[in-house]
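To start, the structure itself, in structure tokens.
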Amino acid sequence: MSTLALGVLAAALFASGLFTVHRLNRTVVPGNLLGTARAPRGVKHGPLNYLLIGSNWRDDNPGNGERADSIMIVHIPRGTKSAYLVSVPRDLYYTIKPYSPTGFEGSTEKIDAALNYGGMPLMSQTVADLTGLKFNGAVEARFDGFKKAVTVLGGVNMCVDEKVVSVHVGRDASGHFAAPYTNLTGTPQPVPGVTPQVYHPGCQHLAAWQALDYVRQRELLPGGDYDRQRHQQQFMMAVLKQTASTHTMSNPIKLDRVVHDIGRSMTTDTNGVPVTNLALMMRGIKASSLVGLRTPSHPEMVDDTSYVMADDDAQGLWQALRDDKLQAFAKSHPDMVNPLNQGGS
């Protein structure tokens, strides 16, 4: 998941841990992720925009294809003293342009499909088309690497803000793990005899498998994917704090394993800027300065398929991103702001 990748990457950059930064620089997989959505190089003081994509690719099921499980833009204003996390709905109804390298002819559907049709270059270009942005860098993180890295981290301290019932993980009468629901693409149906995993409100430690399960949930949440976006942003904040904590930073063996697994789980395009340079540029950013935003939008059925439709105010968000005025947008749209700095996280 891109949230975890950014959490550890940001912890290294924001804490200016040079060992961690150099380790990340050696382990991350470089790639051409931006294609035509690449910003000019050489910007040193912001504003900067990075695209983070969490892929649902699974090594044990390649035939299932690859879609964007999470889409997030990290905006760093001029002066590089704060940062904004802007979540784009994966089900946003949008026109994906043709992409000749793969023979894709274009279509109007959920925006997350761009990753399957043309990989990260088409995904990046589609988000660029949506927002009018060019990106200074991008990260693609895959599901399998997420599992390994959270396990090494030892789980995450999270403040759960609402009751969350898992549709993916439960236990049968014998105590064995089993799927508690079926028909996840429609109305989830409970499986008789299987008790689902439930996450109750309050600050708590989530084991690796719980953290993975928690940030995937959306089907039974009152806000659907909007709630999941908020939980992903909160999770990124929790990972950032935990990785940058004295306990983790002072344990070189644990830190090295976490950084290695994160690095190998993601492909990164820094637009030609060394990671060490990013560390120096972003060292003034503190976790407390992060602000989470969601895209003004609403769910809607189209031909019996559930989509997310952008509201008129979404254009105001994209304009604020382009003009480096997200602070003003957040102030005038408090309902679009996701709380990130929870006590105990």
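The values are calculated or read from the model by the stated rules, or taken from the named source; none is laboratory data. Please read these numbers as outputs of a predicted model, since none were measured by experiment. Glycine also receives a Cβ, built like all others from the backbone with ideal geometry; neighbour counts cover every protein chain displayed. These accessible areas exclude ligands, DNA and RNA; they are computed on the full protein's heavy atoms, side chains included. Shrake-Rupley method; radii C 1.70, N 1.55, O 1.52, S 1.80 Å.
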Output the number of residues of the range 283-298 satisfying the condition of being open to solvent by 20 Å² or more (accessible area, probe 1.4 Å), under 18 Å from Y226 (Cα atoms) and touching a helix residue (DSSP H, G or I) at 6+ places or on another chain (Cβ under 8 Å).
2
Is there a residue being surrounded by fewer than 17 Cβ atoms within 10 Å (Cβ to Cβ), among the polar types (S, T, N, Q), out of contact with any Phe, Trp or Tyr (no Cβ under 7 Å at 6 or more places or on another chain) and at pLDDT 95 or above anywhere in the range 100-107?
yes
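Of everything in the range 122-137, what is at pLDDT 95 or above and of a type in the set (G, A, S)? Give them in sequence order. Walk me through how you get there before you give the answer.
Restricting attention to the range 122-137, the residues satisfying the condition of being at pLDDT 95 or above are 122-135.
Matches in the range 122-137: S124, A128, G132.
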Those strands (runs of 3 or more DSSP E) completely within the range 4-99 that have 1 or more residues that are modelled with pLDDT of 75 or more and touching a Pro at 6+ places or on another chain (Cβ under 6 Å) are none
What single numbered condition from (1) farther than 24 Å from R230 by Cα; (2) in a helix (DSSP H, G or I) fails to hold for S124?
(1)
Counting just the residues of the range 199-228 that are within 17 Å of G155 (Cβ to Cβ) and over 20 Å from the mean Cα position of the chain (by Cα), which one comes out least open to solvent (accessible area, probe 1.4 Å)?
Y199
Evaluation of R218 against (1) in contact with a Gly (Cβ under 7 Å, 6 or more places away or on another chain); (2) in a strand (DSSP E or B); (3) without any contact (Cβ under 8 Å) to a residue 60 or more places away in the chain (one fails), failing number:
(2)
Of all residues being touching a residue at least 24 places away in the same chain (Cβ under 8 Å) and in contact with a Lys or Arg (Cβ under 8 Å, 6 or more places away or on another chain) in the range 167-194, which is most open to solvent (accessible area, probe 1.4 Å)? Just the residue, please.
H168
